[in-house]
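This report refers to the structure that appears directly beneath it.
Each value in this text was obtained by applying a stated rule to the coordinates, not by laboratory testing. Keep in mind the model is a prediction, meaning the values are calculated, not measured. Note that each Cβ is placed from the backbone with ideal geometry, even for glycine, and that neighbours are counted across all protein chains shown.
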Amino acid sequence: MTYSGDVTPGGAPAVRELERLTITKISVGPMDNNAYLLRCHATGEQVLIDAANEAPRLLDLVGDAGLRTVVTTHQHMDHWVALEEVVAKTGARALVHPDDAAGLPIAAQPVAEGDTVPVGDCALEVVHIKGHTPGSIALLYRDPDGAPHLFTGDSLFPGGVGNTDQDPERFAALIDDVEHKLFDRLPDETWFYPGHGKDGTLGTERPSLPQWRARGW
């Protein structure tokens, strides 16, 4: 089945098979949060991006293969409700940017701009995107066999950047980081996976950047 990225709370996950990595996307309630399980084909090692909620469903997704790491994209509670339980039951390490660490229910190891998070033989590059929260991060997988894959948390969605509560300074920081660290560095075929809702590509969204900046959200 062709991957579309369309998932609903309580529904079946969407699975994308890359040459070296499997990406499984699932939506959990009550706020339709996306969580992403990444599995390295060569080693079987798994990493979870955002233990958002519904720990039993996430643990079922992990299965018997174990979990190496849980990365939290930012400090907002709807992205970490299941974090404590998932870490306790799998022994996975928790990672977060230090500027958002105080918002989490458990101690987490720091990750910063330019760090890499291993997924077996694959790697995710950490990109610090200020604005939605002080320590929001995106995670970039540069697929050697195809287009890049980018996990953007709540910093970038189809149709615009994340919420900055109508704060012009936060919006300026967010749109600048999204434009310069993501759109300026990555090609149009880059597929991105947000913290809620449907996926997108940078090429589809690129023409709208001036409009987003002009409208201020």
Return a yes/no flag: does the range 173-195 have any residue that is within 21 Å of P13 (Cβ to Cβ), in contact (Cβ under 8 Å) with a residue 60 or more places away in the chain and either not small (G, A, S) or not in a loop (DSSP other than H, G, I, E, B) (or both). yes
Quick one: in the range 128-156, of everything that is part of a strand (DSSP E or B) and either more than 11 Å from the chain's Cα centre (by Cα) or hydroxyl-bearing (S, T, Y) (or both), which residue is nearest to P187 (Cα to Cα)? Y141
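Just checking, which of L48, L37, L58 is under 16 Å from the mean Cα position of the chain (by Cα), under 18 Å from D115 (Cβ atoms), among the aliphatic types (A, V, I, L, M) and not in a loop (DSSP other than H, G, I, E, B)?
L48
Is it the case that G153 is in contact with a Gly (Cβ under 6 Å, 6 or more places away or on another chain), touching a residue at least 24 places away in the same chain (Cβ under 8 Å) and closer than 25 Å to R16 by Cα?
In short, yes.
Matching residues to (1) in contact with a Gly (Cβ under 7 Å, 6 or more places away or on another chain); (2) acidic (D, E); (3) over 23 Å from P30 (Cα atoms):
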{"residue": "V71", "(1), (2), (3)": "no, no, no"}
{"residue": "L95", "(1), (2), (3)": "no, no, yes"}
{"residue": "D121", "(1), (2), (3)": "no, yes, yes"}
{"residue": "P134", "(1), (2), (3)": "no, no, yes"}
Restricting attention to the range 105-117, which residues are hydrophobic (A, V, I, L, M, F, W, C) and within 16 Å of the chain's Cα centre (by Cα)? V111, A112, V117
